[in-house]
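The values are calculated or read from the model by the stated rules, or taken from the named source; none is laboratory data. Computed from a predicted structure; not experimentally measured. Quick reminder, even Gly has a Cβ in these numbers, built from the backbone with ideal geometry, and neighbours come from all protein chains shown. Side chains are part of the model used for accessible areas, which takes the heavy atoms of the whole protein and leaves out ligands, DNA and RNA. Shrake-Rupley method; radii C 1.70, N 1.55, O 1.52, S 1.80 Å.
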Amino acid sequence: MSTDALTRRPPVAEPTRASRPDPDRRARRHGRRSGLVVTGSVLKWVYLGIGLVFALVPFVWMVSGSFRSEADLFGHPASLFPTSITLHGYQGVWSQLPFLRLLLNSFVFTVVTTVLTLLFDSMCAYALARMRFVGRNVAFVLVIATLMVPFQVTLIPVFVELFHLGWLNTYQGLIIPRATSAFGIFLFRQFFIDIPPELDEAARIDGAGHWRIYWQVILPLAKPAIATVAVLNGMALWNDLLWPLVVSTSNDMLTLPAGLTLFGGAHVTDHAVLLAGAVISLLPIAVGFFFAQKYFVAGVATSGLK
């Protein structure tokens, strides 16, 4: 066989018309994809705008109603803005209620209970996530099972127990029964599981025990989970109405949401004062969430809460 035959290459068939790339078709396809992206983006912003309107309108109406008179509220209930501005609602909150006492009770109840919840829940979650002992999974299942038991079911037994302890109408009666949360234990455990166990082993080599590992290694890495539990639990405690009404037998021990119920009578209700009190009650929660939102979002994203 000759060298020319070995080096000769077979003829390459030219691409037919159907197999050749069509620039027009490619441009049309790209244009359709771009149109779908633009349409999806527009629809996304439309949906977000509609959701924002539905979320903000009640708050705008509440703030507006706190500056309106009773005649204006009943005469134009659907209006978002007052026809005339009056401070009757805010004056009534200060003059008709021991407002500073109610505010102090709410802060003590919310802050102390939230701190105790963070401590106890994180300690329990550390034991369930980082320690090995018999019955660990059973204990975790029992904790999760308590989430399915409504608080109202245990309300009467807890009330009877507090009565025998003499804790009714006291701060310890308000705080101690609410000092733990099954949801907080679950959230902390899910976050602690994702922390590399090599950190525990390195700390044990340095002579650290469980308490030192929990306090100096795990908790500093759990700031997103701490912020998430603090915000969710703090909001629930600050807005809690039933428990303070049950435990407190005098107006001096009521929290702010419970104290606002004094304005709601069977025949006459001062709506402007109620709305003004609700606006004041909302401010601490809004400020707290504003400063903790970065850690809150991180905790939701990394703890399996969808």
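Observations
- C-alpha center-to-center spacing [the stretch 105-172, the stretch 188-247] in angstrom: 15 Å
- Here the accessible area is traced with a 1.4 Å probe on the protein chains. For the stretch 152-223, carbon and sulfur cover 63 percent of it.
- Excluding ligands, DNA and RNA, the accessible surface per residue across the stretch 188-277 is 47 Å² with a 1.4 Å probe.
- If a spin label sat at a point 7 angstrom from the Cα of THR83 along the line to its beta carbon, the backbone N atoms of the stretch 53-69 nearer than 14 Å would be those of 68-69.
- Computed from backbone phi, the HN-Hα couplings of the stretch 72-88 come to 5, 5, 7, x, 9, x, 8, 6, 8, 10, x, 6, 9, 8, 9, 9, 4 Hz, rounded to whole numbers (Karplus: 6.51 cos²θ - 1.76 cosθ + 1.60, θ = phi - 60°; Gly and Pro given as x).
- Using θ = phi - 60° and Karplus 6.51 cos²θ - 1.76 cosθ + 1.60, couplings along the stretch 199-205 (whole Hz; Gly, Pro as x): 5, 5, 5, 5, 5, 5, 4
- Residue ranking by accessible heavy-atom surface, 1.4 Å probe, largest first, among VAL231, VAL246 comes out as VAL246, VAL231.
- Compared with the rule-of-thumb size 2.2 N^0.38 Å for a compact globular protein, the stretch 165-270 has a Cα radius of gyration ratio of 1.57.
- Shape category assigned to the stretch 86-238 from the gyration tensor of Cα positions, a/c cut at 1.5: prolate
- With the highest mean first, a sort of the peptides 118-127, 70-79 on other beta-carbon atoms found within 10 angstrom per residue produces 118-127, 70-79.
- Overall shape: prolate for the stretch 88-175, with the ratio a/c of the largest to smallest alpha carbon gyration tensor axis at 1.5 or above and a/b above b/c.
- Annotation note: trypsin sites (Lys or Arg not before Pro) in the stretch 130-169 located in DSSP loop regions with a Cβ neighbour count of at most 10 within 10 Å are ARG132.
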